[in-house]
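Student: I'd like to ask some things about the structure below.
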Amino acid sequence: MGETAEYYVQKGTEYSKKGFDSEARGDFMEAAQLYTETMRHLSLALQLEISDSKKDILQKVLATHKSRVKELISRSFQPRTTEDKKGGTIERHAELTAASEKIERGTHEETGGNDRENTFQQTWVKPNVPWSAVVGLTAAKAALREAIVIPIKYPQLFNAKRRPWSRVLLYGPPGTGKTQLACAVATETDSVVYSLSSSDLLSRWYGESEKSIKRLFQEASSHPSSVLFFDEIDALCRSRNESEDEATRRIKTELLRQMDGLNARSEKSGRVIVLAATNRPWELDDAFLRRFQKRLYVPMPEVEVRKSIVEQNLEGYHDMTPEELKDISTVTKGYSGSDLSNLCNDAMMEPLREIYSARWWVIDGIESKGKLVYRPWKGPGSKLGLVEAKMEDIPTDQLAPPRQVTAKDVMNSIKRCKPSVNASEMDRYEEFTLKYGESGA
Ligand SMILES: Nc1ncnc2c1ncn2[C@@H]1O[C@H](COP(=O)(O)OP(=O)(O)OP(=O)(O)O)[C@@H](O)[C@H]1O
Ligand SMILES: [Mg+2]
């Protein structure tokens, strides 16, 4: 124990490289297992990492691995094509390697240089996250719709008196869906969305300080409508303190000025919305807090929401009864959305683990060309009529698809995957909400 975040990132990278090789060989199941190991290690790194920008990168790499694992699992038992063998691996592998190198270096050089003189276009995003992908958080979704989506789609409904919100803050514990909500906003609007990691901005713009902020807002207002999404805003807008240097102070002052200017834009300039997220709202400077007209609390999921998140993550892959799902949602009190998603991923691997480790196989049926299809035999009982073989000895088209995930699989995974959010911090969020915010649940 006592390992560092770097250690887990390095381990995760090793597994990813192995997964990449397995995928290149066409061994999708092995690749899925190795990528799950990558995710497990990166999740551990995430818990230890303190730098916001590095956490941000880890989250992104985790998300891409997660979707790849899902894809691999569903492909595992389909006939392979050349495209399958390649599909997406190389890109993602390159992404992880680049990201982990970046984490190791602790810098963001690759984006420095040219963009200083040019534009912020490289921070534009067009994610594909429908509102339905964000479970629960009904009030936060409604407020964001009202603040951002509707005014952009139906500008005629608003005027000088009835002005939509232009500065919204999302705050809450890690892994509760703040970034996901911002992605849903970006998906839903036709506006240009800039995704800005605050610590990244600080380090990258250091030295030219406030000018970049000014340029960013100017560029944003050249579009008919745009959203500036500052993730992990606490890095940028922490309370002023003695040790703060001049450059940071100037950036903050400029940001405050630009935020004030949002209301007083001329007819010609487009509408700019500032959306920000943080999991440490109490560290924000009062001056910034006051400028957010909506401060929405994105809380830990309640039992019903936990149930829906588990259902959504395992949709099509499980055969649990509503009662079993209810039991799972009850025992996962204290798990964030992100913890639940990792938990489900782990449970999804259980049926695969059974296949890798099987030594005895039973006939499951006959495939379309008349060949026998086998599934792992778990015992107990007589081995009469069973086939003794390793998974590698059975042709892919004769392997039955993995069985569905059961409640027992999930319960086993619960023993391995623990919640990442510290329960003692919950009071701080509640207290902050009473004083400054409103619930987005
Ligand atoms: N309400 C939710 N509905 C569905 N999935 C969720 C929800 N909350 C979290 N998740 C899952 O957790 C992952 C991480 O969520 P997200 O990045 O939005 O958290 P966050 O609140 O921004 O965390 P942080 O404060 O650490 O940045 C998502 O990719 C998603 O899989
Ligand atoms: Mg986030």
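The values are calculated or read from the model by the stated rules, or taken from the named source; none is laboratory data. For clarity, every value in this text was computed on a predicted model and none was experimentally measured. Here the Cβ is made from the backbone with ideal geometry for all residues, glycine too, and neighbour counts use every protein chain on show. When the accessible area is computed, the model is the full protein with side chains, heavy atoms only, and any ligands, DNA or RNA have been set aside. Shrake-Rupley method; radii C 1.70, N 1.55, O 1.52, S 1.80 Å.
Student: Between residues in the stretch 174-186 that are closer than 11 Å to Ser338 by Cα and within 8 Å of ligand 1 (Cβ to nearest atom) and residues that are at pLDDT 90 or above and part of a helix (DSSP H, G or I), which pairs lie under 6 Å by C-beta distance while being six or more apart or on different chains?
Tutor: Going by the 6 Å Cβ cut-off, the qualifying pairs are Gly175/Gly337; Gly175/Ser338; Thr176/Gly337; Gly177/Gly337.
Student: Name the single residue, out of those in the stretch 142-164 being assigned to a helix (DSSP H, G or I) and over 16 Å from Val193 (Cα atoms), that is modelled with the highest pLDDT.
Tutor: For the stretch 142-164, the residue satisfying everything is Ala142.
Student: If you scan the stretch 163-202, which residues turn out to be within 15 Å of ligand 2 (Cβ to nearest atom) and aromatic (Phe, Trp, Tyr)?
Tutor: Answer for the stretch 163-202, where residues must be within 15 Å of ligand 2 (Cβ to nearest atom) and aromatic (Phe, Trp, Tyr): just Tyr171.
Student: Can you tell me which residue in the stretch 259-285 is modelled with the highest pLDDT, limited to those that are exposed (fewer than 14 other Cβ atoms within 10 Å of the Cβ) and closer than 29 Å to Pro299 by Cα?
Tutor: The selected residue is Glu283.
Student: What's the number of the only condition in (1) surrounded by fewer than 16 Cβ atoms within 10 Å (Cβ to Cβ); (2) at pLDDT below 95 that Phe288 fails to meet?
Tutor: Result: Phe288 fails condition (1) only.
Student: Then there is this: With the checklist (1) within 14 Å of the chain's Cα centre (by Cα); (2) within 16 Å of ligand 2 (Cβ to nearest atom) in hand, flag the one item Ala45 doesn't pass.
Tutor: The number of the failed condition is (1).
Student: A further question follows. Out of curiosity, is Ala32 at pLDDT 80 or above and either surrounded by fewer than 19 Cβ atoms within 10 Å (Cβ to Cβ) or within 17 Å of the chain's Cα centre (by Cα) (or both)?
Tutor: Against the criterion (at pLDDT 80 or above and either surrounded by fewer than 19 Cβ atoms within 10 Å (Cβ to Cβ) or within 17 Å of the chain's Cα centre (by Cα) (or both)), Ala32 does not qualify.
Student: If you don't mind, there's one more thing I want to ask. Scan the stretch 322-359 residue by residue and report those that are without any contact (Cβ under 8 Å) to a residue 40 or more places away in the chain and in a loop (DSSP other than H, G, I, E, B).
Tutor: Across the stretch 322-359, the qualifying residues are Lys333, Ala358, Arg359.
Student: Could I ask something else about it? Go through the residues of the stretch 299-310 one by one and say whether even a single one is among the basic types (Lys, Arg) and either in the same structural domain as Lys55 (by TED's automatic domain parsing) or under 30 Å from Ser51 (Cβ atoms) (or both).
Tutor: Yes; the residues of the stretch 299-310 include at least one that is among the basic types (Lys, Arg) and either in the same structural domain as Lys55 (by TED's automatic domain parsing) or under 30 Å from Ser51 (Cβ atoms) (or both).
Student: Name the residues in the stretch 35-56 that are among the charged types (D, E, K, R) and open to solvent by 50 Å² or more (accessible area, probe 1.4 Å), would you?
Tutor: Arg40
Student: When the stretch 165-200 is examined, which residues are found to be β-branched (Val, Ile, Thr), open to solvent by 10 Å² or more (accessible area, probe 1.4 Å) and either part of a helix (DSSP H, G or I) or not assigned by TED's automatic domain parsing to the domain that holds Leu228 (or both)?
Tutor: Of everything in the stretch 165-200, those that are β-branched (Val, Ile, Thr), open to solvent by 10 Å² or more (accessible area, probe 1.4 Å) and either part of a helix (DSSP H, G or I) or not assigned by TED's automatic domain parsing to the domain that holds Leu228 (or both) turn out to be Thr179, Thr187.
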